[in-house]
Amino acid sequence: MGIIGFLVFGLVVGALARLIKPGKQNLSLVATLLLGVVGSLIGGVVAKFFGTGDFFELNILGAVVAIIAAVLLIGVAEGASGGRRRSVR
């Protein structure tokens, strides 16, 4: 999979993670892309560790782990920002 395909897959993973994670996340499109790409990298490492494919190869185990990792990363990003939400008065 080329770099463009990896970025598109990262964006899809990030979007799916935001849909799965309950609540409203104040993340931009770029933040969603970055969290999805990092989740995809984690998924690739886990898939390679279990021998289901190459690092940049798209497979089911890597995709599932990528989505789970991205959901967890969204939680970490929210925690790092202190859960600050804008209040409308």
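The values are calculated or read from the model by the stated rules, or taken from the named source; none is laboratory data. What you see is a predicted model; the values in this text were computed from it and never measured. All Cβ positions, even for glycine, are placed from backbone atoms using ideal geometry, and neighbour counts span all protein chains on display. Side chains included, ligands, DNA and RNA excluded: accessible areas come from the protein's heavy atoms. Shrake-Rupley method; radii C 1.70, N 1.55, O 1.52, S 1.80 Å.
Go through region 30-69 and give me each residue that's part of a helix (DSSP H, G or I) and aromatic (F, W, Y).
The initial filter retains those residues of region 30-69 that are part of a helix (DSSP H, G or I), namely 30-49, 60-69.
F49 - this is the single residue of region 30-69 that is part of a helix (DSSP H, G or I) and aromatic (F, W, Y).
Pairs needed: first member in region 4-20, free of Cβ contacts under 8 Å to residues at least 24 places away in the same chain; second member anywhere, of a type in the set (G, A, S); C-beta distance under 8 Å; at least 6 residues apart or different chains.
Short answer, once both residue conditions are applied: A15/G36.
Can you tell me which residue in region 53-83 is least open to solvent (accessible area, probe 1.4 Å), limited to those that are farther than 18 Å from P22 by Cβ and modelled with pLDDT under 80? So that I can check it myself, show each step before the final result.
Initially, region 53-83 is screened for residues farther than 18 Å from P22 by Cβ, giving 53-66, 80, 82.
Next, only the ones that are modelled with pLDDT under 80 stay: 53-58, 80, 82.
Working: G53: 20, D54: 83, F55: 56, F56: 97, E57: 98, L58: 106, A80: 87, G82: 59 Å².
Within region 53-83, the match that is least open to solvent (accessible area, probe 1.4 Å) is G53.
Considering only region 12-30, state which residues are open to solvent by 80 Å² or more (accessible area, probe 1.4 Å) and at positive phi. Write out each step before concluding.
Going residue by residue through region 12-30, those that are open to solvent by 80 Å² or more (accessible area, probe 1.4 Å) are 19-20, 22, 24, 26, 29-30.
Answer for region 12-30, where residues must be open to solvent by 80 Å² or more (accessible area, probe 1.4 Å) and at positive phi: there is none.
Condition first: in contact with a Leu (Cβ under 8 Å, 6 or more places away or on another chain) and small (G, A, S). Can you find one or more residues in region 18-30 that meet it?
no
For region 31-52, which positions are surrounded by fewer than 17 Cβ atoms within 10 Å (Cβ to Cβ), over 14 Å from R18 (Cβ atoms) and small (G, A, S)?
The answer is G51, and nothing else.
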